[in-house]
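Here's the structure we're looking at; comments come further down.
The values are calculated or read from the model by the stated rules, or taken from the named source; none is laboratory data. Just so we're clear, the structure is a prediction, and the values are computed from it rather than from any experiment. When we count neighbours, we look across all protein chains shown, and the Cβ atoms used for this are built from the backbone with ideal geometry, even at glycine. What goes into the accessible areas is simple: the full protein's heavy atoms, side chains included, and nothing from ligands, DNA or RNA. Shrake-Rupley method; radii C 1.70, N 1.55, O 1.52, S 1.80 Å.
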Amino acid sequence: MFFHIKELQYEAKPMKPDPVFAVKLQEVLGGQYGEISVMMQYLMQGFNCRADKKYRDLLFDIGTEEIGHVEMLATMIARLLDDAPFEIQQNAYDMDPAVAAILGGTNPQHAIVGGLGAMAADAQGYPWNAKYIISSGNLLADFRANLNAESQGRLQVTRLYGMTDDPGVRDLLSFLIARDTYHQNQWYAAIKEIEEREKDIVVPSTFPRELEKQEVSHTLFNFSRGEESKKGRWAHGPSFDGHGEYKYEQPFATGGAPILKPAPPEYHDTTAHDRNDED
């Protein structure tokens, strides 16, 4: 059960309308790393969580907070579109090419489709997609995805902060940046806790190591020109998973050149005329 509080977690009120910036703000609402994505990602992970109750509760704490962030951004976008003079803009667009260039950053769907409201879409108008979210059932894998989502989201919000001088918009963005700071810290703490509990950093930790080709489990192959990459910690010393030593080697082939059998005639593929009879 969810319970909605009408008051916002933090104020979302610009000093003046700005339909161009409203389009930019759509990215951190309905983009790949926007608030709709993290909201759905955390809630789906919580719904599906079969692990410790504290992790399930954490996911619901943050996922529900993100619902509020979606509302705050939707409110800010709607207010940026308040009194947006689309008719005047259209007249100016028709009369002055210079004005047309300036107004080129507006999204007519905000008026036509959204009725001066936010949309579940990114800054290009592409609809939000459930493929953006990750909920695998393995919390170490999922929490790493969460840390990445918060990192990308904070990065985008900080870039947007520099694209506006509206004090009201900056105030909201400052709040969201701070919350993303905590969420990165929080997911990192949860990741470290699970790594220490499972005594491994590799996902999944439950797959038997003897079933993988362990001779290449900790090797960096030089698959690009130059050898600068071998200077990194990932190429020498004990592996961080505690199961080997890092190595740096030139790549080598252990399999033969693949030769595929002809497809059945009904598929009408082109058949090789120089096929080796030994295949």
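Of note:
- Taking the stretch 188-200 as the range and being over 16 Å from ASN146 (Cβ atoms) and crowded, with 17+ Cβ neighbours inside 10 Å as the test, only ASP200 passes.
- Test: residue in the stretch 210-220 that is of a type in the set (Asp, Glu), surrounded by 12 or more Cβ atoms within 10 Å (Cβ to Cβ) and out of contact with any strand residue (DSSP E or B) (no Cβ under 6 Å at 6 or more places or on another chain): no
- Selection status of ALA178, open to solvent by 40 Å² or more (accessible area, probe 1.4 Å), closer than 21 Å to ALA78 by Cβ and among the aliphatic types (A, V, I, L, M): no
- The set of residues in the stretch 109-123 that are surrounded by 13 or more Cβ atoms within 10 Å (Cβ to Cβ) and of a type outside the set (Gly, Ala, Ser) comprises GLN109, HIS110, LEU116, MET119, ASP122.
- Search result, residues across the stretch 144-162 that are open to solvent by 60 Å² or more (accessible area, probe 1.4 Å) and closer than 18 Å to LYS13 by Cβ: TYR161
- Any pair with Cβ under 8 angstrom, 6 or more apart, that starts in the stretch 249-266 at a residue that is assigned to a loop (DSSP other than H, G, I, E, B) and ends at one that is open to solvent by less than 80 Å² (accessible area, probe 1.4 Å) and at pLDDT 90 or above: GLN250/PHE221; GLN250/ASN222; PRO251/PHE221; PRO251/ASN222
- Neighbours by Cβ (under 6 Å, 6+ apart or cross-chain): first from the stretch 157-170, in a loop (DSSP other than H, G, I, E, B); second modelled with pLDDT under 95: THR164/PHE21
- Residue in the stretch 186-193 that is in contact with an Asp or Glu (Cβ under 7 Å, 6 or more places away or on another chain), acidic (Asp, Glu) and part of a helix (DSSP H, G or I) present: no
- Residues (more than 21 Å from GLN41 (Cα to Cα), in contact with a helix residue (DSSP H, G or I) (Cβ under 6 Å, 6 or more places away or on another chain) and not small (Gly, Ala, Ser)) located in the stretch 181-230: ILE201, LEU220
- Residues of the stretch 239-256 classified as surrounded by 12 or more Cβ atoms within 10 Å (Cβ to Cβ) and not polar (S, T, N, Q), total: 8
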